[in-house]
Amino acid sequence: QDGETWMDMVKSRNLTFHTYDEATAGQIISAIRSAYLTEFEALRIKLEDLKKEEQE
């Protein structure tokens, strides 16, 4: 639902792939805890709802 957060996830992923900086890693861990997990949980719920609708 929040496209900006999903794009931030892509940027974070790219940073982790090319960066071995502890400060950057800490920032990404913080973002995962504060925003990314919430988005993945919302996606999981949405996908479960779609699966239920399909089975009806």
Fill in: Set of lysines near Lys11 by C-alpha distance (under 24 Å), chain-local residues within fewer than 8 positions excluded
Lys46
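Which ordering of Ser12, Ser30 is given by a fewest-first count of other beta-carbon atoms within 10 Å?
Numbers: Ser12 20, Ser30 11.
By the 10 Å Cβ count, ascending, the order reads Ser30, Ser12.
Please report, in debye to the nearest 20, how large the charge dipole of the chain is about its Cα centre when each Lys and Arg carries +1 at its beta carbon and each Asp and Glu carries -1 there.
On the way: 7 positive and 12 negative charges, 38 e Å.
Approximately 180 debye in magnitude.
If each residue of separation counts as 0.36 nm, what is the full-extension length gain between Val10 and Leu50 once their alpha-carbon separation is subtracted?
On the way: separation 40, 0.36 × 40 = 14.40 nm, distance 2.44 nm.
Here the segment from Val10 to Leu50 would lengthen by 12.0 nm.
Please give the length that would be gained between Glu41 and Tyr20 if that part of the chain were fully extended, namely 0.36 nm times their separation in residues minus their C-alpha to C-alpha distance (nm, one decimal).
Numbers: separation 21, 0.36 × 21 = 7.56 nm, distance 2.78 nm.
So the chain would gain 4.8 nm between Glu41 and Tyr20.
So how do Glu39, Glu48, Glu54 line up by other beta-carbon neighbours within 10 Å, fewest first? Mind showing how you got there, number by number?
Working: Glu39 15, Glu48 10, Glu54 7.
The most exposed by this proxy come first: Glu54, Glu48, Glu39.
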Worksheet entry | For Leu47, Leu15, order by how many other beta-carbon atoms lie within 10 Å, fewest first | Leu47, Leu15
Practice prompt. Report the one residue of Gln27, Val10, Leu47 whose Cα lies farthest in the direction of the positive end of the charge dipole of the chain (charges on C-beta: Lys and Arg +1, Asp and Glu -1; origin at the Cα centre).
Written response: Gln27
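Read-outs: derived from the displayed coordinates by stated rules, not from any lab. Small disclaimer: the values here were computed from a predicted structure and weren't measured. Note that each Cβ is placed from the backbone with ideal geometry, even for glycine, and that neighbours are counted across all protein chains shown.
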